[in-house]
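A.B. asks: Sharing a structure below in structure tokens format, with a few things to ask.
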Amino acid sequence: MSTIVPSASVRNPVPRRVLLAGAVVALLDISYAYVFFGLILGLVGVESLFQSISAGLLGRAAFQGGLPTALLGAALHLLIAYSWTVAFYLAVRNVDALHRAARTTGGRVVLGLAYGVVVYLLMDLVVLKLSRAHSTPPGDWKFYVNLVQHMVMIGLPIALIVRDGDAG
């Protein structure tokens with residue numbers, strides 16, 4: 001008689017939650033970027049949206065690279081979404097106060113909104129300034145729209161999906 005042994009992801013839902021959170025955040029963020037910068041402001045199309053991400057590495061040349069630089073931008077977008085997701089997971093697993101806060105829904109909401117602020121400020125004021133892309137200055141109204149977007153569409157879903165990082 002054979003015994004069916006559940007896979008590690010069935011016994012431990014944490015990897016599934018991290019994978020799901022990263023995918024949800026990537027989809028929400030790129031959807032927002034397309035609607036806001038593409039449809040509302042009329043600044044980008046789908047290809048140039050992804051090229052704008054690869055411009056962080058390649059500079060303005062990214063916009064001349066066609067599909068290959070758009071695909072690079074898509075890959076970088078996923079890498080960034082998963083990096084922030086894993087960073088949250090590691091923080092709630094290793095910082096006792098965060099772990100305790102993440103054990104309740106209210107705590108996860110507060111952590112998620114705060115984490116969205118941290119993500120946006122680090123991305124806009126540090127990462128983008130160090131890259132070949134340009135950041136949005138805090139005096140620009142788009143800075144605050146993007147800040148709220150990161151709170152609601154990045155920090156919050158990560159915190160609600162990853163939860164406290166426990167398998168249970």
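A.B. asks: With the crude spin-label approximation of a point 7 Å out along Cα→Cβ, what separation in nm comes out for residue 87 versus residue 23?
C.D. replies: Modelled inter-label distance: 2.3 nm.
A.B. asks: Please check: in the Gaussian network model of the chain (C-alpha springs, under 10 Å), which one of 118, 18, 145 has the largest mean-square fluctuation.
C.D. replies: Greatest mean-square fluctuation among the candidates belongs to 145.
A.B. asks: With +1 assigned to the C-beta of every Lys and Arg and -1 to the C-beta of every Asp and Glu, and no other charges, what is the dipole magnitude of the chain about the Cα centre in debye, to the nearest 20?
C.D. replies: I would put it at about 300 debye.
A.B. asks: Counting pairs of alpha carbon atoms under 8 Å apart in space and at least six apart in sequence, what relative contact order in percent does the chain give?
C.D. replies: Value for the chain: 31 percent.
A.B. asks: For a quick check, take a GNM of the chain with Cα springs below 10 Å and name the residue from 87, 102, 23 with the largest mean-square fluctuation.
C.D. replies: Largest GNM mean-square fluctuation: 87.
A.B. asks: Compute the relative contact order of the range 86-156 as a whole-number percentage, counting only Cα pairs closer than 8 Å that sit 6 or more residues apart in sequence.
C.D. replies: 37 percent.
A.B. asks: Using the crude model of +1 on Lys and Arg Cβ and -1 on Asp and Glu Cβ, and no other charge, please compute the dipole size for the range 124-168 relative to its Cα centre, in debye to 20.
C.D. replies: That gives a dipole near 220 debye.
A.B. asks: While we're on this one: Starting from the 7 Å offset along Cα-to-Cβ, what nm value, one decimal, do you get for the label separation of residue 76 and residue 135?
C.D. replies: About 1.6 nm separates the two model spin labels.
A.B. asks: Percent of Cα-Cα pairs more than 28 Å apart in the chain, please.
C.D. replies: The answer is 28 percent, as a whole percent.
Only the coordinates and a few stated rules stand behind these numbers; no lab work does. Computed from a prediction, not measured in an experiment: that's the story for all the values here. Glycine also receives a Cβ, built like all others from the backbone with ideal geometry; neighbour counts cover every protein chain displayed.
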